[in-house]
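**Q** Okay, handing you the structure first.
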Amino acid sequence: MTDKVALVTGAGSGIGRAVSIALAREGFVVVLAGRREQPLHAVADEIRDLRQDCLAVPTDVADPASVEALFTGVGTAYGRLDLLVNNAGRNAPPVPLEDLALEDWNAVIGANLTGAFLCTRQAFRLMKEQRPQGGRIINNGSLSSHTPRPHSAPYTASKHAITGLTKATALDGRPYGIACGQIDIGNAATPMTERMDRGVAQADGSVRPEPTIDVEHVARAVTYMASLPLDANVPFMTVMATQMPFIGRG
């Protein structure tokens, strides 16, 4: 993997941070994208401590101009892109569907779905033009791409749509050596899942704690997907806490 270039969105914390550091350990040059500049530079310092090159680019993935500037910077700095990890995302307040504000819906769809599309579109342009041609795209799907939690309409809708984007991307990328897969993650231990210890709403109306897994398991899964040659692909992978309520949820 030496000298391959990876771009990770939402790289400043949680899953994005863990994946970025794991890819750097595997020899990737890593471009770190995210909305908050300070966390990006903190992750960049960790990667440089591994004696690996990286680039931190503050980016709003829901803004087409910001995404275009990000990919222009990647092309200028490295001349190619071998891996895009569409990880950036957000959630909305867990309120009854009829009380959901339109701005909260739009914010989630913008970050989770439109952002992944904008990055994928730019990645296609670069991967088709570069020599050798091709590359890999890995989308962060979530277990919500299979089944919802209570009061999660915008997040669940966005993640179901990511599955459609993954399939369409894999199909449209075939002629150009662009592989696309999706990793669906259940309860990785990050700041976003700290509430799992206190209890989260279940389909039966109860509120119960749920187990989590070390985020490094997710990072290892992504690096495995990324390690494959482009004539092999993992279309879908699920990594989750064994005892969380997913299989038979509700």
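The values are calculated or read from the model by the stated rules, or taken from the named source; none is laboratory data. A quick note: this is a predicted structure, and the numbers were derived from the prediction, not measured. Cβ sites come from the backbone with ideal geometry, for glycine too, and all protein chains shown count toward neighbours.
**Q** Which of (1) part of a strand (DSSP E or B); (2) under 14 Å from the mean Cα position of the chain (by Cα); (3) farther than 18 Å from residue 227 by Cα does residue 90 not meet, given it meets every other one?
**A** (1)
**Q** A further question follows. Restricting to the range 30-46, what's the tally of residues that are crowded, with 24+ Cβ neighbours inside 10 Å and either assigned to a strand (DSSP E or B) or among the small types (Gly, Ala, Ser) (or both)?
**A** Residues meeting the conditions: 5.
**Q** For the range 142-182, give me each residue that is under 24 Å from residue 81 (Cβ atoms), β-branched (Val, Ile, Thr) and surrounded by 19 or more Cβ atoms within 10 Å (Cβ to Cβ).
**A** 162, 166, 169, 178
**Q** Tell me which residues, restricted to the range 206-228, are without any contact (Cβ under 8 Å) to a residue 40 or more places away in the chain and either in contact with a strand residue (DSSP E or B) (Cβ under 9 Å, 6 or more places away or on another chain) or on the phi > 0 side of the Ramachandran plot (or both).
**A** Kept after step one, since they are without any contact (Cβ under 8 Å) to a residue 40 or more places away in the chain, are these residues of the range 206-228: 206-214, 217, 221, 224.
Listed by number, the residues that qualify are 207, 208, 209, 210, 212, 213, 214, 217, 221, 224.
**Q** For residue 194, which of the numbered conditions (1) at pLDDT below 95; (2) assigned to a helix (DSSP H, G or I); (3) surrounded by 15 or more Cβ atoms within 10 Å (Cβ to Cβ) fails to hold?
**A** (3)
**Q** Name the residue, out of 100, 84, 50, that is closer than 24 Å to residue 181 by Cα and of a type in the set (A, V, I, L, M).
**A** On the way: 100 fails: closer than 24 Å to residue 181 by Cα; 50 fails: closer than 24 Å to residue 181 by Cα.
Just a single option satisfies the conditions, and that option is 84.
**Q** Only residues that are touching a residue at least 24 places away in the same chain (Cβ under 8 Å) and under 14 Å from the mean Cα position of the chain (by Cα): list them for the range 124-152, please.
**A** 136, 137, 138, 139, 140, 141, 142, 143, 145
**Q** Taking residue 74, is it buried (at least 17 other Cβ atoms within 10 Å of the Cβ), touching a residue at least 60 places away in the same chain (Cβ under 8 Å), of a type outside the set (Asp, Glu) and assigned to a strand (DSSP E or B)?
**A** Numbers: buried (at least 17 other Cβ atoms within 10 Å of the Cβ): yes; touching a residue at least 60 places away in the same chain (Cβ under 8 Å): yes; of a type outside the set (Asp, Glu): yes; assigned to a strand (DSSP E or B): no.
Against the criterion (buried (at least 17 other Cβ atoms within 10 Å of the Cβ), touching a residue at least 60 places away in the same chain (Cβ under 8 Å), of a type outside the set (Asp, Glu) and assigned to a strand (DSSP E or B)), residue 74 does not qualify.
**Q** Got a number for residues in the range 51-71 being out of contact with any Cys (no Cβ under 9 Å at 6 or more places or on another chain) and not in a loop (DSSP other than H, G, I, E, B)?
**A** Residues flagged as out of contact with any Cys (no Cβ under 9 Å at 6 or more places or on another chain) and not in a loop (DSSP other than H, G, I, E, B) within the range 51-71 amount to 10.
**Q** Another question, then. Would you be able to tell me the number of residues in the range 93-123 that are touching a helix residue (DSSP H, G or I) at 6+ places or on another chain (Cβ under 7 Å) and either of a type outside the set (Gly, Ala, Ser) or in a loop (DSSP other than H, G, I, E, B) (or both)?
**A** 14
**Q** I need a count of the residues in the range 6-47 that are out of contact with any Leu (no Cβ under 9 Å at 6 or more places or on another chain) and of a type in the set (A, V, I, L, M, F, W, C).
**A** Here the count works out to 5.
**Q** Go through the residues of the range 90-97 one by one and say whether even a single one is surrounded by 15 or more Cβ atoms within 10 Å (Cβ to Cβ), of a type in the set (Gly, Ala, Ser) and touching a Pro at 6+ places or on another chain (Cβ under 9 Å).
**A** yes
**Q** Within the range 203-250, which residues are in a loop (DSSP other than H, G, I, E, B), at pLDDT 95 or above and touching a Lys or Arg at 6+ places or on another chain (Cβ under 7 Å)?
**A** Here is the first cut: in the range 203-250, the ones in a loop (DSSP other than H, G, I, E, B) are 203-206, 209-212, 214, 228-235, 241-250.
Now drop any that are not at pLDDT 95 or above, which leaves 228-235.
Residue satisfying the conditions is 230 alone.
**Q** On to the next question. Quick check on the range 141-164. Is at least one of its residues within 20 Å of residue 22 (Cα to Cα) and in a strand (DSSP E or B)?
**A** Here is the first cut: in the range 141-164, the residues within 20 Å of residue 22 (Cα to Cα) are 141-142.
Next cut, in a strand (DSSP E or B) only: none.
Looking through the range 141-164, none of the residues is within 20 Å of residue 22 (Cα to Cα) and in a strand (DSSP E or B).
**Q** Tell me whether the range 20-29 contains one or more residues that are in a loop (DSSP other than H, G, I, E, B), under 21 Å from residue 214 (Cα atoms) and touching a residue at least 24 places away in the same chain (Cβ under 8 Å). Even if it seems obvious, please write down each step before you answer.
**A** First, the residues of the range 20-29 that are in a loop (DSSP other than H, G, I, E, B): 26-28.
Now restrict to residues that are under 21 Å from residue 214 (Cα atoms): 26.
The next check asks that each one be touching a residue at least 24 places away in the same chain (Cβ under 8 Å); those that pass are 26.
Looking through the range 20-29, at least one residue is in a loop (DSSP other than H, G, I, E, B), under 21 Å from residue 214 (Cα atoms) and touching a residue at least 24 places away in the same chain (Cβ under 8 Å).
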